[in-house]
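Since every read-out is calculated from the coordinates, none of them should be taken as a lab result. Since the structure is predicted, the reported quantities are computational estimates derived from the model, not experimental observations. Positions of Cβ are generated from backbone atoms using ideal geometry, with glycine treated the same way; all protein chains shown enter the neighbour counts.
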Amino acid sequence: MTRVLSGLVLLALVVGVFWGLPPWGTQIFAFVALVLSLREYDNLVRRGGLDVVPGVSFVLSVLMYGVLIFHLPATHFLLVSAVVTGGALVLRGRVPEQAVAVAASMLFPVAYLGMGIATVPLVREAYGAPALLTLFLTQIGSDTAQYYTGRTFGRAPLALALSPKKTREGAIGGLVAGAVVLAGFGQLWLPGIPAWQLAVLGVGVAIVGIAGDLFESMLKRSADVKDSSDLIPGHGGMLDRIDALLFTMPLYYVALQWLWRTGPGA
């Protein structure tokens, strides 16, 4: 019951912010999610035994978020981030164990979190609240179908080492639901995109959403924790809630640029 109530509150909050407020509301909401996710990511990295330089990933990821929000050259900043990461490790003056892994773990959240979360307000700004909610409803539909299909018909594990409860049967249910939900809402809120393209995009969203979920499970297992934090009752941490979206939202943003060139103003 706690999980259901928390989920309903979160859904109401998301719909209220995305639909009821101007784009700046989504920017603030996403920024808060970014800060919380960065704190959880840092905890996972440290529990995994990597000797990172404190604060570097946090600052660079927040700056990357700002770069994208203000439409500055992200590629340039990503190059600068690599230099800053390497420089911070050199200036610290000691050789960490697994130096390559340490450097990678410091640079990775700049793209994974800074850029990934920034695509939420970017979609809201460019394509409107209905387009953004289409993706969120597709993700919810796919996740729900995975859970109940897997619970009812699941037999074969999907990725036993990463998430023992996920099944291939559940994944298939998630793919079908992704296609149906995105095609259905897309016909209403993404006019001009053929239904078959929406359905294919829905399958793609479901696939990368599963990958995003499994990736975060891998991060947690490497840190030997069940949840990224206890922030949300019944749901774990912020990363536990947005793990799939961190993969699906960038795909969706890029796909809309190709499939919906006219945008909502046409």
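Each residue, TYR148 and VAL32, gets one label point 7 Å from its Cα in the Cβ direction; the gap between the two is 3.0 nm.
This model, with +1 at the C-beta of Lys and Arg and -1 at the C-beta of Asp and Glu, gives region 115-266 a dipole about its Cα centre of some 300 debye.
Return the tail of the calculated pair distribution for the chain, meaning the percent of Cα-Cα pairs more than 28 Å apart. All intermediate terms of the calculation are to be shown ahead of the outcome.
Working: 12984 of 35245 pairs.
Cα-Cα pairs of the chain separated by over 28 Å account for 37 percent.
With the biggest extent put first, the Cα atoms of region 128-266 measure 50, 31, 23 Å across the principal axes. With θ taken as phi - 60° and the Karplus curve 6.51 cos²θ - 1.76 cosθ + 1.60 applied, the whole-hertz 3J(HN,Hα) list for region 149-160 is 5, x, 5, 8, 10, x, 9, 8, x, 7, 8, 4 Hz, x standing for glycine and proline. What the Cα atoms of region 55-160 give is an Rg and a Dmax of 19.1, 55 Å. Think of the chain as having a plus end and a minus end, set by charges on the Cβ of Lys, Arg, Asp and Glu; of PHE77, PRO23, GLN187, GLN187 sits farthest toward the positive end of this dipole.
As a rough footprinting exposure proxy, the listed residues THR167, THR144 were ranked by other beta carbons within 10 Å of their own, and the order from fewest upward is THR144, THR167. Relative to the longest principal axis of the Cα atoms of the chain, the long axis of helix 2-20 lies at roughly 80 degrees. Counting other Cβ atoms within 10 Å as a rough exposure proxy, the listed residues LEU60, LEU50 run LEU50, LEU60 from fewest neighbours to most. Full extension of the chain between LEU13 and THR262 gives 86.7 nm of extra length, using 0.36 nm per residue less the Cα-Cα distance.
Which value, in Å³ per residue, describes the convex hull spanned by the Cα atoms of region 1-102? Please report the intermediate quantities before stating the final value.
Details: hull volume 11.6 nm³, N = 102.
Spelled out: Cα convex hull of region 1-102, divided by residues, is 114 Å³.
One Cα centroid belongs to region 199-262, the other to region 128-175; the line between them spans 11 Å.
Positive-end ranking of PRO121, GLY150, ALA206 along the dipole of the chain, with charges on Cβ about the Cα centre, is headed by GLY150. If only the Cβ of Lys and Arg carry +1 and only the Cβ of Asp and Glu carry -1, the dipole of region 25-149 around its Cα centre is close to 200 debye. Its DSSP H runs of at least 4 residues, each contributing -39,500 (n - 2.57), put the calculated 222 nm mean residue ellipticity of the chain at -25000 deg cm²/dmol, to the nearest 500. The convex hull built on the alpha-carbon positions of region 192-241 has an orientation-averaged projected area of 4.5 nm².
A Förster distance of 35 Å, applied to the separation of the beta-carbon atoms of ALA99 and ARG39, puts the FRET efficiency at 0.90. The charge dipole of the chain, taken about its Cα centre with unit charges on the Cβ of Lys, Arg, Asp and Glu (plus for the first two, minus for the last two), comes to roughly 260 debye.
For a Förster distance of 35 Å, can you work out the FRET efficiency between the beta-carbons of SER222 and LEU21, rounded to the nearest 0.05? Mind showing how you got there, number by number?
On the way: r = 37 Å, r/R0 = 1.06.
FRET efficiency, SER222 to LEU21: 0.40.
In what order do PHE153, PHE29 fall by count of nearby beta-carbon atoms within 10 Å, going from fewest to most?
Details: PHE153 14, PHE29 20.
The order, fewest Cβ neighbours first, is PHE153, PHE29.
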